[in-house]
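Comments concern the structure below.
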Amino acid sequence: MKIVVTGTRGIPGIQGGIETHCEELYPLIADKQHEIIVVRRPGYAIDHTVKTYRQVTIKDIKVVRNKYLEAFLHTFLAVLYARRIGADIVHIHAVGPALMTPIARMLGMKVVVTHHGPDYNREKWGNFAKWILRTGEKVGIHYANHIIVIAEHIRQMILHKYPSKKNITLIHNGVKAISQTPGTDFIQGLGLTEYNYILAVGRLVKEKGFDKLVEVFKQLSSPSLKLVIVGSADHQDSYVQKLKEACRDEKNICLAGFVKGEKLAELYAYARLFVLPSTHEGLPIALLEAMSYGTPILASDIPANKEIGLPDECYFKSDDFTDMQQTLEKRIESIQTERITYNLSAYNWPYIALRTKEIYDSLIV
């Protein structure tokens with residue numbers, strides 16, 4: 001069968017939770033019975049010459065880069081492309097692109113929608129954009145042949161809104177097993193030493209809460225400790241400018257930009273503490289990645305983070321500046337170099353791929 005994947009910026013090496021999800025998942029599905037084609041937005045590509053990735057075909061479709069329209073337009077073009085090449089299944093990621101589910105169905109293709117979280121709750125969207133995203137969720141759930149959710153709190157939300165829906169399957173995000181301890185060349189190049197920095201990873205958007213983390217960090221009583229924020233922005237908006245301004249001339253704060261692979265592995269492995277101050281997540285891959293390196297965690301107590309089931313001392317009250325500050329101080333004082341063994345058995349990519357493949361097979365008989 002032929003499966004076209006859309007709703008993502010693309011693979012490989014492109015920033016974003018959905019992008020990481022697709023990069024890890026689809027090479028494990030692609031085989032002689034399952035031809036996988038990921039439709040990419042070339043404006044985000046690290047290397048435009050890469051047209052296949054671990055048995056997955058990459059199809060570039062150009063689209064105008066626009067904060068509000070590009071995901072919808074790109075998904076529409078991807079659906080037309082899928083029909084043109086005779087795809088059996090279109091797999092749409094995220095509720096915004098799911099707006100195109102009825103079109104794919106009318107063109108005679110089966111549709112799987114993966115719900116990565118209620119994007120309409122993100123702070124960056126205005127009222128009209130939120131309405132469009134809610135509509136995408138509604139029509140995606142109504143018209144999709146099967147719905148995948150990446151977290152239990154998302155499944156419960158959908159069941160509450162649409163109690164009659166039966167074609168919903170919980171399949172978590174995953175994380176790769178760590179095969180070896182990384183070196184330290186990259187962190188040394190950033191002026192860092194092992195276990196003497198706090199790490200945060202994610203796109204530079206308001207709901208990640210990095211601006212609050214910066215303000216809390218500035219008030220810490222640990223003068224030698226550093227803060228490293230890994231990630232970049234898709235669009236240079238006022239939030240990004242304010243964040244950069246808040247970090248300017250701060251010798252102990254490093255905006256490292258987008259980092260992947262072995263360099264990111266070093267940052268995870270030798271961080272004193274990983275902090276995720278988000279107000280919105282689906283099931284954060286960055287948090288799972290930090291756990292895979294045994295890094296101590298501090299995260300906001302939003303449902304997506306709480307679902308992972310860390311001890312109470314690993315959470316602070318979301319949007320409570322004082323609690324965040326006090327909890328961060330306690331975590332820093334209680335942690336030195338120790339690593340933690342987390343139970344990540346529920347986040348196994350090969351198992352996730354098998355479950356997804358079973359859904360595809362069930363739709364084509």
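Is it true that some residue in segment 205-213 is farther than 23 Å from THR322 by Cα and either in contact with a Leu (Cβ under 9 Å, 6 or more places away or on another chain) or hydrophobic (A, V, I, L, M, F, W, C) (or both)? No, segment 205-213 contains no residue that is farther than 23 Å from THR322 by Cα and either in contact with a Leu (Cβ under 9 Å, 6 or more places away or on another chain) or hydrophobic (A, V, I, L, M, F, W, C) (or both).
Of the residues contained in segment 96-103, one or more are found to be more than 23 Å from the chain's Cα centre (by Cα) and not in a strand (DSSP E or B). Counting just the residues of segment 238-279 that are touching a residue at least 40 places away in the same chain (Cβ under 8 Å) and of a type in the set (D, E, K, R), which one comes out surrounded by the most Cβ atoms within 10 Å (Cβ to Cβ)? It comes out as GLU266.
Does ILE198 qualify as being farther than 28 Å from TYR26 by Cβ, surrounded by 19 or more Cβ atoms within 10 Å (Cβ to Cβ) and either charged (D, E, K, R) or within 24 Å of the chain's Cα centre (by Cα) (or both)? For ILE198, the condition - farther than 28 Å from TYR26 by Cβ, surrounded by 19 or more Cβ atoms within 10 Å (Cβ to Cβ) and either charged (D, E, K, R) or within 24 Å of the chain's Cα centre (by Cα) (or both) - is met. Taken over segment 343-353, the criterion of being assigned to a helix (DSSP H, G or I), out of contact with any helix residue (DSSP H, G or I) (no Cβ under 8 Å at 6 or more places or on another chain) and not hydroxyl-bearing (Ser, Thr, Tyr) is satisfied by ALA346 alone.
Hey, GLU245 hits all of (1) among the acidic types (Asp, Glu); (2) out of contact with any helix residue (DSSP H, G or I) (no Cβ under 8 Å at 6 or more places or on another chain); (3) not in a helix (DSSP H, G or I) but one; which does it fall short on? Unmet for GLU245, out of (1) among the acidic types (Asp, Glu); (2) out of contact with any helix residue (DSSP H, G or I) (no Cβ under 8 Å at 6 or more places or on another chain); (3) not in a helix (DSSP H, G or I): (3).
For segment 86-96, the count of residues that are more than 23 Å from ALA233 (Cα to Cα), of a type in the set (Asp, Glu) and crowded, with 18+ Cβ neighbours inside 10 Å is zero. When LYS161, LYS124, LYS130, LYS176 are checked against the criterion of being within 30 Å of ASP88 (Cβ to Cβ) and at pLDDT below 90, LYS176 stands alone in meeting it.
The set of residues in segment 203-213 being more than 11 Å from VAL275 (Cα to Cα) and either assigned to a helix (DSSP H, G or I) or not aliphatic (A, V, I, L, M) (or both) consists of ARG203, LYS206, GLU207, ASP211, LYS212. Please work out if LEU298 is open to solvent by less than 10 Å² (accessible area, probe 1.4 Å) and of a type outside the set (Phe, Trp, Tyr). Yes, satisfied. In this structure, is THR101 of a type in the set (Val, Ile, Thr), at pLDDT below 95 and touching a helix residue (DSSP H, G or I) at 6+ places or on another chain (Cβ under 9 Å)? So THR101 fails the test.
Counting only residues that are under 18 Å from THR20 (Cβ atoms) and hydrophobic (A, V, I, L, M, F, W, C), segment 229-268 holds 9 of them. Of all positions in segment 133-151, at least one carries a residue that is among the charged types (D, E, K, R) and under 27 Å from ASP319 (Cβ atoms). Only one of the listed residues (PRO42, PRO27) is over 24 Å from TRP131 (Cα atoms) and touching a His at 6+ places or on another chain (Cβ under 9 Å). That residue is PRO42.
With respect to the conditions (1) within 27 Å of VAL201 (Cα to Cα); (2) open to solvent by less than 20 Å² (accessible area, probe 1.4 Å), THR101 falls short on a single one, namely (1).
Cβ-Cβ distances below 8 Å connect the following pairs, each with a first residue in segment 345-358 that is basic (Lys, Arg), a second residue that is open to solvent by less than 80 Å² (accessible area, probe 1.4 Å), and a separation of six or more residues or different chains: ARG355/THR169; ARG355/ILE171; LYS357/ILE29; LYS357/HIS34.
The values are calculated or read from the model by the stated rules, or taken from the named source; none is laboratory data. Just so we're clear, the structure is a prediction, and the values are computed from it rather than from any experiment. No Cβ is skipped: glycine too gets one built from the backbone with ideal geometry, and neighbour counts run over all protein chains shown. Ligands, DNA and RNA are stripped out before the accessible areas are found, and what is left, the full protein with its side chains, is counted by its heavy atoms. Shrake-Rupley method; radii C 1.70, N 1.55, O 1.52, S 1.80 Å.
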